[in-house]
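A.B. asks: Quick one: this structure, given as structure tokens, is what I'll be asking you about.
The values are calculated or read from the model by the stated rules, or taken from the named source; none is laboratory data. What you see is a predicted model; the values in this text were computed from it and never measured. Note that each Cβ is placed from the backbone with ideal geometry, even for glycine, and that neighbours are counted across all protein chains shown.
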Amino acid sequence: MLSYVVLYPRAIPGVIVGIGFLWAFLLVPGLGPLRNTIAALTVAFIMRFIPLGFGAISPSILRVSSELDRAARVAGASWLRTMMSVMVPLLRPALLSGFVLLFISFLKEYSSALFLVTRDSEVIGTTMIQLWRQGNSGPVAALATIQLVITFVVLLVSQRLLGARLHG
């Protein structure tokens, strides 16, 4: 049941997510000060891309036997100790690859950020849209190149950390 609930945000377009978070920050008491912050963008991005992260790590979680958890519990380990000593080392490659996928998705996301940004909390995508609307194609190309270089560096570093080979 949880796997189906986690996949629901995938069906919602990013613009709708941005509008929904804008209305939530405007109408829910106490959330107003968070509206124009990086924290608001982070929560919106996480909600938008939960299905991607879940899809990256769920096969690895399903491969780990529940008997490992039970064995650690029988040996006297707490839930936290079991997670840190048994599950995290087994899931480290999946967690790292999920982080890389989410980082790249966050880096290129602009649709859910359109309604949540201000001058103090801009992201690359919304900055590129603003510059394009003003007719400044040179800075847009420069930002796109920077975005491409950041993506390439993150992929290269993650390849080294995971020990993955691209060929052969």
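A.B. asks: Here's a check for you: in segment 77-123, which residue that is of a type in the set (Ser, Thr, Tyr) and part of a helix (DSSP H, G or I) is surrounded by the fewest Cβ atoms within 10 Å (Cβ to Cβ)?
C.D. replies: Restricting attention to segment 77-123, the residues satisfying the condition of being of a type in the set (Ser, Thr, Tyr) are 78, 82, 85, 97, 105, 110-112, 118, 121.
Those left that are additionally part of a helix (DSSP H, G or I): 82, 85, 97, 105.
Numbers: Thr82: 18, Ser85: 12, Ser97: 17, Ser105: 14.
Taking the candidates together, the pick is Ser85.
A.B. asks: Next up: Considering each of Phe54, Phe25 in turn, give the residue that is hydrophobic (A, V, I, L, M, F, W, C), under 27 Å from Val100 (Cα atoms) and modelled with pLDDT under 90. Spell out the reasoning first.
C.D. replies: Details: Phe25 fails: under 27 Å from Val100 (Cα atoms).
Criteria check complete, one pass: Phe54.
A.B. asks: May I pose another question? For segment 111-148, how many residues meet the condition of being in contact with a helix residue (DSSP H, G or I) (Cβ under 7 Å, 6 or more places away or on another chain) and either β-branched (Val, Ile, Thr) or in contact (Cβ under 8 Å) with a residue 24 or more places away in the chain (or both)?
C.D. replies: 13
A.B. asks: Residues of segment 116-139 being over 22 Å from the mean Cα position of the chain (by Cα) and within 20 Å of Leu26 (Cβ to Cβ), which ones? Before you say what the answer is, go through the steps one by one.
C.D. replies: Restricting attention to segment 116-139, the residues satisfying the condition of being over 22 Å from the mean Cα position of the chain (by Cα) are 119, 130-139.
Within segment 116-139, Arg119 is the sole residue that qualifies.
A.B. asks: May I pose another question? Looking only at residues that are polar (S, T, N, Q) and surrounded by fewer than 16 Cβ atoms within 10 Å (Cβ to Cβ) in segment 128-168, which one is modelled with the lowest pLDDT? Spell out the reasoning first.
C.D. replies: The initial filter retains those residues of segment 128-168 that are polar (S, T, N, Q), namely 130, 134, 136-137, 145, 147, 151, 158-159.
Checking which are surrounded by fewer than 16 Cβ atoms within 10 Å (Cβ to Cβ) leaves us with 130, 134, 136-137, 145, 151, 159.
Details: Gln130: 88, Gln134: 93, Asn136: 91, Ser137: 92, Thr145: 96, Thr151: 93, Gln159: 85.
Residue satisfying both the conditions and the ranking: Gln159.
A.B. asks: I would also like to ask the following. Taking only segment 33-45 into account, find how many residues are under 21 Å from Leu101 (Cα atoms) and either outside any helix (DSSP H, G or I) or touching a residue at least 12 places away in the same chain (Cβ under 8 Å) (or both). First the steps, then the outcome.
C.D. replies: Applying the first criterion (under 21 Å from Leu101 (Cα atoms)) to segment 33-45 yields 38-45.
Next, only the ones that are either outside any helix (DSSP H, G or I) or touching a residue at least 12 places away in the same chain (Cβ under 8 Å) (or both) stay: 38, 40-41, 43-45.
Count: 6.
A.B. asks: Can you find, within segment 57-78, the residue that is nearest to Leu101 (Cα to Cα) among those that are touching a helix residue (DSSP H, G or I) at 6+ places or on another chain (Cβ under 8 Å) and aliphatic (A, V, I, L, M)?
C.D. replies: Within segment 57-78, the first condition is being touching a helix residue (DSSP H, G or I) at 6+ places or on another chain (Cβ under 8 Å), and the residues that meet it are 57-61, 64, 68-69, 72-73, 77.
Filter once more, so that each one left must be aliphatic (A, V, I, L, M): 57, 61, 64, 68, 72, 77.
On the way: Ile57: 11, Ile61: 17, Val64: 22, Leu68: 28, Ala72: 31, Ala77: 32 Å.
The selected residue is Ile57.
A.B. asks: Counting just the residues of segment 15-32 that are of a type in the set (A, V, I, L, M) and touching a residue at least 24 places away in the same chain (Cβ under 8 Å), which one comes out farthest from Arg48 (Cα to Cα)? Explain how you work it out, then say what you get.
C.D. replies: Quick first cut of segment 15-32, residues of a type in the set (A, V, I, L, M) only: 15-17, 19, 22, 24, 26-28, 31.
Checking which are touching a residue at least 24 places away in the same chain (Cβ under 8 Å) leaves us with 15, 17, 19, 22.
On the way: Val15: 10, Val17: 7, Ile19: 12, Leu22: 14 Å.
Within segment 15-32, the match that is farthest from Arg48 (Cα to Cα) is Leu22.
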